[in-house]
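To start, the structure itself, in structure tokens.
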Amino acid sequence: MDSILVTGNGPLNGQIPIAGAKNACLTLMPATLLSEEPLTLTNAPRLSDIKTMTALLQSLGAEVSALQDGQVIAMSSHDLTSQTADYDIVRKMRASNLVLGPLLARFGQAVVSLPGGCAIGARPMDLHVEGLEALGAEIELKDGYLHAKAPGGLKGAVHEMRFASVGATENIVMAATLAKGTTVLKNAAREPEIVDLVECLRKMGAQISGEGTSTIEIQGVDRLHGATHQVVTDRIELGTYMLTPAICGGEVELLGGRMSLVSSFVEKLEAAGVSVSETEKGLKVARKNGRVRAVGVVTEPFPGFPTDLQAQMMALMCTAEGTSVLEERIFENRFMHAPELTRMGAQIEVHGGTATVTGVEQLKGAPVMATDLRASVSLILAGLAAEGETTVSRVYHLDRGYEHVVRKLEGVGAKIERIKGE
Ligand code: UD1
């Protein structure tokens, strides 16, 4: 298994291009199932999660081709052959459950495996099921699979979600595009990836309003047509690389970055003493002198501080002056990076969903192990700031969500290499 060797070597300077959003692409791809006509995505990120979604769509009979080195994904769901999302694929990636809403809407039936537990918590699907049932679906759990049907088709309804789940919002919105009548989804998630999905669905002929607010209204149409859509910038990759000058010093411009995607995160960076400014090409982040200050963080649905940047922010706080409290409110078990950071000299105490971090003057390199996608990149950030060598093993997690990580970090002067394993 490959590992990544990082050697801390001082301030980082230069530019990092930011890719299209993994999480947007993973919901835009299943949207192809809603139409017989082709859907093409541009600015797609080159990631193993995208390959997993490709394999899932192909297993349903969709044609999916990666063009232009994977940056363009051309899809057609003209001749689908199956409405079953198999456990073998779904267990690899929870976002596989995003085929449920589209399949049900177009074919009146779908069978989708439950994702099962994953490293960062139980991650159930009750909110997806409740929303689709409100649209008239009948859903049964049998042998680990959700069997969904809507023999007479889905019907628009008013539904309020108990929690603003991102995936459930996406599934319900996609399903409602082909339902009869109007659906009003209350307490919907407001993430930029949902806005991006709605923009794409609209290009396909869907009638939707209110995306980006907590009430989304969908007027069902008979059919959707083909479209081409550019995937929105990855705000999590953006935030991750914004931390490179914050943790190592220096000045880095993030190409394609936009303030509106990361405003709650920027507030925290600025409170920590890091400067962030808009440029013509993106965002510029700089830390010139001294250590950052400790700041507290509570993860929340968008526009709050993203859970997907909590591990990386913790790496920064490990080097801050003072004590910070990080509260994780979206997922249980999302502090698995803490013991690994501790191996690098960090001082962290975890009690339930709260981590208290007392910054140290200097982290020290160590062999560490990635436990999930965002944890793995937090260890790389810590390694960049540490004295000596850090080896991060199990980097397949990293490949799920960060394209060309070594090349991007080398581009700003980091000493980093991928070591091929057996
Ligand atoms: C998406 C993102 C993920 C991010 C998360 C929260 C994708 C592919 N993934 O995941 O990177 O960390 O949003 O911003 O877009 N829940 C339930 N019942 C449900 C659904 C969710 O209890 O039916 C719970 C989950 O267990 C979790 C919380 O709600 O504790 C948030 O989940 P959700 O917003 O659905 O996240 P995902 O869509 O899975």
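The values are calculated or read from the model by the stated rules, or taken from the named source; none is laboratory data. Worth saying up front: this structure is predicted, and the values here are computed from it rather than measured. Here the Cβ is made from the backbone with ideal geometry for all residues, glycine too, and neighbour counts use every protein chain on show. The protein model used for the area step is the full one, side chains on, heavy atoms only, and it has no ligands, DNA or RNA in it. Shrake-Rupley method; radii C 1.70, N 1.55, O 1.52, S 1.80 Å.
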For the stretch 22-230, the per residue accessible area (1.4 Å probe, Å²) is 39
Carbon and sulfur atoms account, in whole percent of the 1.4 Å probe accessible area of the chain, for 48
Compute the signed sum of charges (Lys and Arg +1, Asp and Glu -1) over the other residues within less than 12 Å, Cβ to Cβ, of I73. 0
Straight distance only, please: which lysines reach the Cα of K155 with their own Cα at less than 26 Å, same-chain residues fewer than 8 apart left out? K142, K180, K186, K203
What number in nm² do you get for the chain if you take the convex hull of its Cα atoms and divide its surface by four? 18.6
Identify, among P151, A414, V297, the residue whose Cα sits farthest towards the positive end of the charge dipole of the chain, taking +1 on the Cβ of Lys and Arg and -1 on the Cβ of Asp and Glu, with the dipole about the Cα centre. A414
Expressed to one decimal in nm², the mean projection of the alpha carbon convex hull of the stretch 22-230 is 9.9
To the nearest 10 square angstrom, what accessible area does M1 show with a 1.4 Å probe? 140
So which trypsin sites (Lys or Arg not before Pro) in the stretch 383-422 end up in coil per DSSP with only 15 or fewer other C-beta atoms within 10 Å? K420
Counted charge near T342, where neighbours are those whose Cβ lies closer than 14 Å (Asp, Glu -1; Lys, Arg +1): 0
Going by alpha carbons, how many degrees (0 to 90, nearest 10) lie between the helix axis of 48-59 and the longest principal axis of the chain? 20
The summed charge of the E63 Cβ neighbourhood (under 13 Å; Lys/Arg +1, Asp/Glu -1) stands at -3
Treating the angle as unsigned and between 0 and 90°, give the value, to the nearest 10°, between the Cα long axis of helix 235-248 and the longest Cα principal axis of the chain. 0
Springs between alpha-carbon atoms under 10 Å, Gaussian network over the chain: tell me which of G296, G304, G144 tops the mean-square fluctuations. G144
Can you spot the lysines whose alpha carbon is less than 21 Å from K364's alpha carbon? Ignore those fewer than 8 places along the same chain. K415
Protection proxy (average C-beta count within 10 Å per residue), highest first, orders 342-353, 21-32 as 21-32, 342-353
Shape call, the stretch 292-349: gyration tensor on alpha carbons, a/c limit 1.5: oblate
Round to the nearest 10 and give me the degree value, 0 to 90, for the angle of helix 166-176's Cα axis relative to the longest principal axis of the chain. 20
Contact order relative to length of the chain, as percent, for alpha carbon pairs under 8 angstrom and 6 or more apart: 21
